[in-house]
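Some notes on the structure that comes next.
The values are calculated or read from the model by the stated rules, or taken from the named source; none is laboratory data. Since the model is a prediction, treat every value here as computed from it, not as a measurement. Note that each Cβ is placed from the backbone with ideal geometry, even for glycine, and that neighbours are counted across all protein chains shown.
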Amino acid sequence: MGKVLDPEKKNEKYTWTRIHEIIEYAKIRKMKRLGIATCYSLLPEAKLLSDILEHSGFEVVSLSCLCGEVDPQELGMPGEIFCNPILQAEILNREQTDLNIMVGLCVGHDILFLRYSRAETTPLIVKDRALSHNPIAALYQSQGFFRDRFF
């Protein structure tokens, strides 16, 4: 970020959101095609992100974890949904995205997505249902409200 932030403006870094940083990173690296790999439960947030990125001049390819969905019952497995982060990565690979952005993929699904994605990838939202997708709050509360849960 040193090429973007003005070192003479000491507090400038506190005005940038992660979305600003992702946009500037992609521009500096001359990336044109951005992928969004999202959890189906965060489709509205992924749509907002897509709109912002498109407004910033990027081509955006976005897809839900339910792409290529298979009914778990057909496989003799419990549950109602069957996410497919590997297929998400493969589709974005085929679409030749320059940078992929993860929006709320579940633990494990994010790991698989990262393993199979060929493009550079960064998280924007990390799923944490209990804390409104703000997992650092658990660390802050580990010495207070959540202390009994962790220690």
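Restricting attention to region 117-126, the residues that are over 9 Å from the mean Cα position of the chain (by Cα), of a type outside the set (A, V, I, L, M, F, W, C) and surrounded by 15 or more Cβ atoms within 10 Å (Cβ to Cβ) add up to 1. Within region 121-144, the set of residues being in contact with a Ser or Thr (Cβ under 9 Å, 6 or more places away or on another chain) and over 19 Å from Leu49 (Cα atoms) comprises Arg129 only. The residue list Arg94, Arg118, Arg29 contains one member that is under 20 Å from Arg18 (Cα atoms) and either in contact with a Pro (Cβ under 6 Å, 6 or more places away or on another chain) or charged (D, E, K, R) (or both), which is Arg29. Scanning region 77-86 for any residue that is at pLDDT below 95, exposed (fewer than 14 other Cβ atoms within 10 Å of the Cβ), aliphatic (A, V, I, L, M) and in contact with a Lys or Arg (Cβ under 9 Å, 6 or more places away or on another chain) turns up nothing.
The residues in region 69-103 that are touching a residue at least 40 places away in the same chain (Cβ under 8 Å) and among the charged types (D, E, K, R) can be counted, and the count is 2. Looking at Asp110, Asp98, Asp148, just one residue is among the acidic types (Asp, Glu) and modelled with pLDDT under 95, and that residue is Asp148.
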